[in-house]
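Visitor: Sending over a structure as structure tokens; questions will come in a sec.
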4 protein chains.
Amino acid sequence: MSRAPFNNAQRWLYLALEQQKGGVWAILINRFLMLLVVVNVLAVVAESEHSLYQAYKPFFTWFEASSVIIFTLEYVLRLWVCTEAEQLHFKHPIGGRGRYMLTPMALVDLLAIVPFYLSFFWGVADLRVLRSLRLLRLLKLTRYSHSLELLLTVLRQEADNLVSALFILCMLVLLSATGIYLVEGHIQPDKFGSIPRALWWSAVTVATVGYGDVVPITLVGKVFSGIIIVTGIAVAALPAAILASGMINELKRRGERFRTELVRTMENGKLDFGGLRYLEKMRVTIGISRAEAHLIFEEVKQETRLQTYTNCPHCAQPIVIKHPPGHIHVRPAKRQR
Amino acid sequence: MSRAPFNNAQRWLYLALEQQKGGVWAILINRFLMLLVVVNVLAVVAESEHSLYQAYKPFFTWFEASSVIIFTLEYVLRLWVCTEAEQLHFKHPIGGRGRYMLTPMALVDLLAIVPFYLSFFWGVADLRVLRSLRLLRLLKLTRYSHSLELLLTVLRQEADNLVSALFILCMLVLLSATGIYLVEGHIQPDKFGSIPRALWWSAVTVATVGYGDVVPITLVGKVFSGIIIVTGIAVAALPAAILASGMINELKRRGERFRTELVRTMENGKLDFGGLRYLEKMRVTIGISRAEAHLIFEEVKQETRLQTYTNCPHCAQPIVIKHPPGHIHVRPAKRQR
Amino acid sequence: MSRAPFNNAQRWLYLALEQQKGGVWAILINRFLMLLVVVNVLAVVAESEHSLYQAYKPFFTWFEASSVIIFTLEYVLRLWVCTEAEQLHFKHPIGGRGRYMLTPMALVDLLAIVPFYLSFFWGVADLRVLRSLRLLRLLKLTRYSHSLELLLTVLRQEADNLVSALFILCMLVLLSATGIYLVEGHIQPDKFGSIPRALWWSAVTVATVGYGDVVPITLVGKVFSGIIIVTGIAVAALPAAILASGMINELKRRGERFRTELVRTMENGKLDFGGLRYLEKMRVTIGISRAEAHLIFEEVKQETRLQTYTNCPHCAQPIVIKHPPGHIHVRPAKRQR
Amino acid sequence: MSRAPFNNAQRWLYLALEQQKGGVWAILINRFLMLLVVVNVLAVVAESEHSLYQAYKPFFTWFEASSVIIFTLEYVLRLWVCTEAEQLHFKHPIGGRGRYMLTPMALVDLLAIVPFYLSFFWGVADLRVLRSLRLLRLLKLTRYSHSLELLLTVLRQEADNLVSALFILCMLVLLSATGIYLVEGHIQPDKFGSIPRALWWSAVTVATVGYGDVVPITLVGKVFSGIIIVTGIAVAALPAAILASGMINELKRRGERFRTELVRTMENGKLDFGGLRYLEKMRVTIGISRAEAHLIFEEVKQETRLQTYTNCPHCAQPIVIKHPPGHIHVRPAKRQR
């Protein structure tokens, strides 16, 4: 049967592509894919400069075609090997692959190639828009960074709060636009003559960008702006507060997860070399700092040492209760004290 | 008696309007009210553009009239059903309704319709101001978002500290205005010739808006501005610090509230389906994230497990060891298990 | 002896001026002093506008004279009554008053009146500078706000870290000024021709003020600026991070202080009305929110309920150990279990 | 043998240079070195002003030469005395010195003098670049500040997260540049005609610098910018959130370290004068505030007191109850007291 080597290849590719494991070749493949994304983005940026595009048109065309071929191959391979994942719902040859196709990372991979084929089959719509869509290939890089994953997790978890904060910000922008429209609408009609026109100034002001292309000129307008500016500082601080709070809580939760893992690993009170390596990999995946992991380790070590000497309520013999978090061991005290 | 169906309608409307519960119709009513507010705001913004207003005057008038009628109806209905609230002090048919009228949300609802009637009875004062007041209808939306409620709670709790931070900021603005007035007052008299005039520059600078319409030109003025700009970064960071601290503490307190609720719900050590649904609703209302709730759940589960049923190693009688944090309690088990 | 009423007056004035206690008159006096400071500041700001000063010169002169008289009286009275303070080192009639004069608040009070007398005795130096110094009277207001005191405490405690953050910021400003000087020094010699000239641009840029009066125009200059701008965001975030961390830790410490006070007050496990009033005053002085105080109260209540049933290691009789934090009570268990 | 005084000098110099200890002379030497760095930086800044340089050329040349001689001497001395360090791997006369040369501080010291010698041996390349390199001497100051060390530690620990945050920021900048290029590329071709050109505007806008030299002018462009500006506030808040979280966690870890040290020092339950001095030095080195140290001290004191000596209420024999948090331990007292 020729299935076994096939399976081996599938297994190796899965580890190489999805877990970045498997020796030098796996590293080289991943590095190459990362590099290709970066060069693609640079090509899109460079291409948009008309003179550059005219000068090197054949090169840009060739590079785009090669990239799409490689990304397509990558996508197909990922789809092929995804059944090797540990999660049970990816195991099914068809249903599992269908489910994999709907994961965010797979969608990003698809988005990186689909525009090219669309333009190929339906003819060229707006070349500029189409080319720019290739910038979304940048999202493919998120796969490779644990700290990026941490930030995106925090952003996703705090999305509700962030939207609310931006809603408050937009309300302030709208109210300040209305205010300046009432105050200076008749003085600078082209800039503040209606709320939609005044919105540009108020957004630029509340966000402290301050281009200076539109500026109030009357005394009342300046006093009103001053109040808006100072209020804006407090409101614009909300996202920072939300993200800081979300970051701290997420790191606390990850610390807890690491602690649970640590307690489970040192069940018998000792850590061998294999356990340490496992925990180190765990730490990197979870994304907590080495210093934090060390602190948790020290705390667990101290808690494990805790034990209580007490007496049985029936026979009054001394007993020892050891309690690492989540475990109770009762045993006779070694010596009568 | 025709009271019973009347009561039922009152009950249904209360749940639909105030708790967003009661099937498809309740959801539709609330969605419609939200949409109406948004369209109203858009109408106010569009109306302020003179040409648009002239072109579609009849439509704007008709839309405003309809909106006010609907909002008035909403207000009256809310007033009618408010006695159905769980809080005892809203129960009284007259006193309870009076108290309800003074709640912030009811005042916002009133504010959304009163300007129209005022202009109707006393004639048109300043149409522009009056129309702009309709933007306050936006506040009606705060009713529908839990995370918005969280942010407003934090803002309210930290109001004192924020005001103090803005006071420090205003002091810095005032002192920097005085400084630049002393330094460049005679160079650019129209811009820095007096403290009130210099205030515009200093507010714009300290808040890092930086329009660039007023800029120091002498060496001393620039050195002074540089110092103010750098100091301003530290002072302008105060609101972010206050809000971050307030956010973290508020979420901690809400976590504690959720934990208490959780412990109460799983009194007997188990969580049935009803309990889970109740807790999920609680979680959304309190406004803590799913991940946080999960962590609290795990902690409580662990603590509950810490009541260990074991046997004395000497006499083999069953004993119970309870240890909530900071507490070891050994006693005979109530029943032989 | 006429000492007793004198002592009473001293006591009453001490409470009124330093503790804002003593009925309606005490409140009125403090409100009046606050108002006077605010009006003084407004007068300084208004005076700096030359036309206003010319028009109302007699009024401004009269107001300044009256204010100085009242502030002088206030200073003398505070000096007189300071020996009533609870702190022992203010008790001595002469040494205590000397020590009081060196406290920050007393120095601020002195600073509010000294410039006037200096100008009176040594003649008028620079009127504008002298008048502006009166703005420092604003600092007198810090006496009246607990949350302002909290912010100033945090700023003072984090002063070292803030200075270091501003040092890092200044290094970035200096390095970016040097960079732009090397890159665009020969293109815009009047703006970037030397490091001191380029410093203006780099300070304005790193602090994200961005006036736009000086802007790089070459490609290399823009790329360099882009890097500096993005780096600047991370560095400019340091003060916010420091203050947030300082704020959170300070509030935690104050919470601990409140907890200690609470445990001490409810020694016997109960809180009477007097205890509650004392704790509420304590809470306001310490400056923690009502919600936080409530949480601490709940925690202490729970901890107080903790008690351990164990057995004496000698006679094996059951005993109960109660332990509110910092206390151990050992007593026989009520019933044999 | 003449080794002993030699060794003494080495020891004294080590303490003076690396630990800032050793009486008035040690302080003077360190102050002088700090001052020299600051004056050097000022000289570099002043020199870059062409007219100043021409006027005082001999002085600048002489000052630079003297400074390099002193810094070279400092470097050689530090290299000589580094074997006195407590760390074992610096003890070896040759290997230890080699290792010392690779520490960050030693590299900074080397960087401060090497450019001068390079220009001396290989002739003058670009004087302006060479002179500017001397600004890096500023880094020598980091040796003297504990809070600067704290900030740099936090920045280093959070480097991964910060880079990810800046990556997200750069993605937003790139996407907004692409957007404005698509929207206004044909309106303002010199400013938005290609993505590289549009990048300048988008970097300046997302970072809220807002020079105002490039501004969208069409309605669509303004609406698009508005969205980018508001989104930018949330993304630009990420570094503040990361640093705040890192700061809080680092201070928590340092607090734990101080607590461990404190518990170790007061092993016998008492703190003598030597112990206090040691702890105070420890506190400054670790870089936690006095208030924080006090809180930790109080907590440890309370925990230590929780070892209570009392008597059994039945048999009146002395027993000891120990309860570090989470732990009750009843045993007969070792000695009758």
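The values are calculated or read from the model by the stated rules, or taken from the named source; none is laboratory data. None of these values were measured; they are calculated from a predicted model. FYI the Cβ positions are ideal-geometry reconstructions off the backbone, even for glycines, and counts take in every protein chain you see. The accessibility values were calculated without ligands, DNA or RNA, using every heavy atom of the protein model including side chains. Shrake-Rupley method; radii C 1.70, N 1.55, O 1.52, S 1.80 Å.
Visitor: Can you tell me how many residues in region A:1-18 are loosely packed, with under 12 Cβ neighbours inside 10 Å and either touching a helix residue (DSSP H, G or I) at 6+ places or on another chain (Cβ under 7 Å) or at pLDDT 80 or above (or both)?
Guide: Number satisfying all stated conditions: 1.
Visitor: Can I ask one more? Six or more apart or on different chains, Cβ under 9 Å: which pairs go from a residue in region B:283-296 that's facing chain A (nearest Cβ under 8 Å) to one that's among the hydrophobic types (A, V, I, L, M, F, W, C)? Could you list them?
Guide: B:SER289/B:LEU251; B:GLU292/B:LEU251; B:GLU292/B:PHE258
Quick grid of which residues meet (1) under 34 Å from the mean Cα position of the chain (by Cα); (2) modelled with pLDDT under 90; (3) at the interface with another protein chain (Cβ under 7 Å from one of its Cβ atoms):
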site	(1), (2), (3)
B:THR142	yes, yes, no
B:LEU155	yes, no, no
B:LEU166	yes, no, yes
B:MET171	yes, no, yes
B:LEU174	yes, no, yes
B:ALA177	no, no, no
B:VAL209	yes, no, yes
B:VAL215	no, no, yes
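Visitor: Going by the structure shown, is D:VAL39 at pLDDT 90 or above and surrounded by 11 or more Cβ atoms within 10 Å (Cβ to Cβ)?
Guide: yes
Visitor: Let me spell it out: the conditions are (1) within 17 Å of C:ASN7 (Cβ to Cβ); (2) open to solvent by 50 Å² or more (accessible area, probe 1.4 Å), and C:PHE121 meets all of them except one. Which number is the exception?
Guide: Answer for C:PHE121: the failing condition is (1).
Visitor: Checking the structure you have, find out if any residue of region D:188-203 is open to solvent by 10 Å² or more (accessible area, probe 1.4 Å), in contact with a Ser or Thr (Cβ under 8 Å, 6 or more places away or on another chain) and more than 14 Å from chain C (Cβ to nearest Cβ).
Guide: No - not one qualifying residue is present in region D:188-203.
Visitor: I'd like to verify a number: residues in region B:20-68 that are under 23 Å from A:SER194 (Cβ atoms) and not in a helix (DSSP H, G or I), how many?
Guide: 3
Visitor: Please verify whether region D:245-254 includes one or more residues that are away from every other protein chain (no Cβ under 11 Å), under 20 Å from the mean Cα position of the chain (by Cα) and among the hydrophobic types (A, V, I, L, M, F, W, C).
Guide: No.
Visitor: Among the residues of region C:123-134, are any small (Gly, Ala, Ser), under 30 Å from C:THR218 (Cβ atoms) and assigned to a helix (DSSP H, G or I)?
Guide: Among the residues of region C:123-134, not one is small (Gly, Ala, Ser), under 30 Å from C:THR218 (Cβ atoms) and assigned to a helix (DSSP H, G or I), which makes the answer no.
Visitor: Give the residues of region B:88-109 that are within 17 Å of B:GLN10 (Cβ to Cβ) and open to solvent by 90 Å² or more (accessible area, probe 1.4 Å), sorted by residue number.
Guide: Result: B:LYS91, B:HIS92, B:ILE94.
Visitor: Just wondering, is there one or more residues in region B:141-151 that are open to solvent by 40 Å² or more (accessible area, probe 1.4 Å), out of contact with any strand residue (DSSP E or B) (no Cβ under 8 Å at 6 or more places or on another chain) and free of Cβ contacts under 8 Å to residues at least 12 places away in the same chain?
Guide: Within region B:141-151, none of the residues are open to solvent by 40 Å² or more (accessible area, probe 1.4 Å), out of contact with any strand residue (DSSP E or B) (no Cβ under 8 Å at 6 or more places or on another chain) and free of Cβ contacts under 8 Å to residues at least 12 places away in the same chain.
Visitor: From the set of residues in region D:152-165 that are of a type outside the set (A, V, I, L, M, F, W, C), in contact with a helix residue (DSSP H, G or I) (Cβ under 7 Å, 6 or more places away or on another chain) and part of a helix (DSSP H, G or I), which is most open to solvent (accessible area, probe 1.4 Å)?
Guide: The extreme case among them is D:ASP160.
Visitor: Among the candidates A:LEU182, A:LEU199, single out the residue that is assigned to a helix (DSSP H, G or I), of a type outside the set (S, T, N, Q) and within 40 Å of the chain's Cα centre (by Cα).
Guide: A:LEU199
Visitor: I've got another one for you. Inspect all residues belonging to region C:31-52 and state whether any of them is over 27 Å from the mean Cα position of the chain (by Cα), under 30 Å from B:HIS186 (Cβ atoms) and of a type in the set (Ser, Thr, Tyr).
Guide: The answer is yes, given that some residue of region C:31-52 is over 27 Å from the mean Cα position of the chain (by Cα), under 30 Å from B:HIS186 (Cβ atoms) and of a type in the set (Ser, Thr, Tyr).
Visitor: Look at C:ALA112 and say whether it is among the small types (Gly, Ala, Ser), open to solvent by less than 40 Å² (accessible area, probe 1.4 Å) and away from chain D (no Cβ under 14 Å).
Guide: So C:ALA112 fits the description; yes.
Visitor: Also: Could you tell me whether region C:119-135 includes any residue that is out of contact with any helix residue (DSSP H, G or I) (no Cβ under 9 Å at 6 or more places or on another chain) and of a type in the set (Asp, Glu)?
Guide: Checking region C:119-135: not a single residue is out of contact with any helix residue (DSSP H, G or I) (no Cβ under 9 Å at 6 or more places or on another chain) and of a type in the set (Asp, Glu).
Visitor: So, one more: Starting from region A:221-248, take each residue that is in the same structural domain as A:THR205 (by TED's automatic domain parsing) and among the basic types (Lys, Arg) and list its partners that are part of a helix (DSSP H, G or I) and open to solvent by 10 Å² or more (accessible area, probe 1.4 Å), counting only C-beta distances under 6 angstrom and pairs at least six apart or across chains.
Guide: Hits for this filter: A:LYS222/B:TRP200.
Visitor: Looking only at region C:52-77, which residues are of a type in the set (D, E, K, R) and open to solvent by less than 30 Å² (accessible area, probe 1.4 Å)?
Guide: Selection gives C:GLU64, C:GLU74.
Visitor: Please tell me if B:GLY179 is open to solvent by 20 Å² or more (accessible area, probe 1.4 Å) and in contact with a Phe, Trp or Tyr (Cβ under 6 Å, 6 or more places away or on another chain).
Guide: So B:GLY179 fails the test.
Visitor: May I ask you to list the residues in region A:19-30 that are open to solvent by less than 80 Å² (accessible area, probe 1.4 Å) and under 22 Å from the mean Cα position of the chain (by Cα)?
Guide: A:GLN19, A:GLN20, A:ASN30
Visitor: On to the next question. For region C:71-86, check the following and say yes or no: at least one residue is free of Cβ contacts under 8 Å to residues at least 24 places away in the same chain and under 22 Å from the mean Cα position of the chain (by Cα).
Guide: Yes: region C:71-86 contains one or more residues that are free of Cβ contacts under 8 Å to residues at least 24 places away in the same chain and under 22 Å from the mean Cα position of the chain (by Cα).
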